[in-house]
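Structure first, commentary second.
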Amino acid sequence: MIIDSIQMAIGDTPMLRFTHHQFEEIPKGSAIYAKLEYLNPGGSIKDRLGAYLIKEGIEQRKITENTVIIEPTAGNTGIGVAIAAQAAKLSTMFVVPEKFSLEKQELMRALGAEIVHTPTEEGIKGAIAEAKRLHAERSNSYLPLQFDNPANPEAYYHTLGPELIKDLGSSITSFVAGIGSGGTFSGVARYLLKHVPLIRLIGVEPEGSILNGGASHSHEIEGIGVEFIPTFLEGLPVHDFATISDAEGFAMTRRLAKEHGTLVGSSSGAAMAAALREVATLPAGSQVVTVFPDAGDRYLSKQIYSRTDY
Ligand code: PMP
């Protein structure tokens, strides 16, 4: 396959089928399909969002020649936006809470972005506030703000959702996916509901996230978990939220690497753990779809594969 820009390599990722042969927990006759989003060129699902946000911004004239793109991000959105912005010759500035992976920050810088840090204790809320302040200060800047922007779920509604239906048709029993901004989950879920009205929708969060109630606290699984309920979930018929502990999420992430050759991040491990819980409750013949959002090598400095404390 010959392509003329790296952006043409975004999307149409493979789907890896797991059955009882690979995971004995999966009932015979059922399957889990994992959409391998870590194989996008920037190493994550957010390449789709970056491409969509920049295209939409240019089309709607929110972005012109010298616009600086400003965005609060844990990193993957920054990488996706930076790839798209680079192609459009735009500069980027990302506001990142300090605790997030150094590799992601290096990758954003490698793509030409400027990084602004906010204190870890202020979480993503602190990064959002700082990004808004920087945006207000600069006259020709654009703040896509993935947490509020309907273009976030739309990016997945128009790309990932149709790819799943193309490969699996209406035979999908459940869709299981992690929730950070909620863009992936709600965008894909709304598309799937149109084609499979009885589909079960299972959101995945780490312990310390608030979707199942309880107080917000820090967790090591990176990329998912919320401090507030994402607006994108409003009106969505979610059947359940699976809360996955750091221990369970990291154990599954390591198992995926060691036994299945999938070098994914901890939100993928959490998604797989939740998909296994889901498929175990369903009759034989069920098809559970999940998403592996990013690659594991961006967490090596956090000993993702070698830590022994959980
Ligand atoms: N996994 C990882 C590694 C991520 O970076 C993100 C986005 N923060 C997600 C999952 C969740 O995606 P979304 O923001 O679309 O809910």
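Listed values, structure above:
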quantity	calculated
Verdict on LEU201 being away from the ligand (no atom under 11 Å from the Cβ), surrounded by fewer than 23 Cβ atoms within 10 Å (Cβ to Cβ) and part of a strand (DSSP E or B)	yes
Residues of the stretch 180-212 classified as of a type in the set (Lys, Arg), closer than 21 Å to PHE292 by Cα and without any contact (Cβ under 8 Å) to a residue 60 or more places away in the chain, total	1
Contacts under 6 angstrom Cβ, first residue in the stretch 59-81 being of a type in the set (D, E, K, R), partner part of a loop (DSSP other than H, G, I, E, B) and surrounded by 24 or more Cβ atoms within 10 Å (Cβ to Cβ), 6 or more apart	GLU71/PRO144
Among (1) within 14 Å of the ligand (Cβ to nearest atom); (2) part of a loop (DSSP other than H, G, I, E, B); (3) modelled with pLDDT of 95 or more - the single one PHE94 does not satisfy	(2)
Which listed residue, of TYR310, TYR305, is outside any strand (DSSP E or B) and under 29 Å from LYS125 (Cβ atoms)	TYR310
Residues of the stretch 1-28 satisfying the condition of being under 21 Å from ILE172 (Cα atoms), hydroxyl-bearing (Ser, Thr, Tyr) and surrounded by fewer than 17 Cβ atoms within 10 Å (Cβ to Cβ)	THR19
Any hit, the stretch 40-52, residues being within 17 Å of ALA257 (Cα to Cα) and part of a loop (DSSP other than H, G, I, E, B)	yes
Number of the exception - SER218 against (1) in a helix (DSSP H, G or I); (2) under 22 Å from ASP294 (Cα atoms); (3) of a type outside the set (Asp, Glu)	(1)
Residues that are within 13 Å of the ligand (Cβ to nearest atom) and touching a strand residue (DSSP E or B) at 6+ places or on another chain (Cβ under 7 Å), drawn from the stretch 212-221	HIS219, ILE221
Which listed residue is free of Cβ contacts under 8 Å to residues at least 24 places away in the same chain and hydrophobic (A, V, I, L, M, F, W, C), from ALA215, ALA177	ALA215
Selection within the stretch 272-300 - part of a helix (DSSP H, G or I) and either within 15 Å of the ligand (Cβ to nearest atom) or of a type in the set (Phe, Trp, Tyr) (or both)	MET272, ALA273, ALA274, ALA275, GLY296, ASP297, ARG298, TYR299, LEU300
Set PHE228, PHE232: member being in the same structural domain as ASP167 (by the TED database) and in a helix (DSSP H, G or I)	PHE232
Flag for GLY214 being surrounded by fewer than 24 Cβ atoms within 10 Å (Cβ to Cβ) and at positive phi	yes
Unique match (being crowded, with 20+ Cβ neighbours inside 10 Å and assigned by the TED database to the domain that holds GLN287) among ALA85, ALA31, ALA51	ALA31
Residue that is farthest from the ligand (Cβ to nearest atom), among those in the stretch 222-245 that are touching a Ser or Thr at 6+ places or on another chain (Cβ under 8 Å) and among the acidic types (Asp, Glu)	GLU227
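The values are calculated or read from the model by the stated rules, or taken from the named source; none is laboratory data. This structure is a prediction, so every number in the text was calculated from the model and none was measured. Virtual Cβ from ideal backbone geometry, glycine too; neighbours counted across all protein chains shown.
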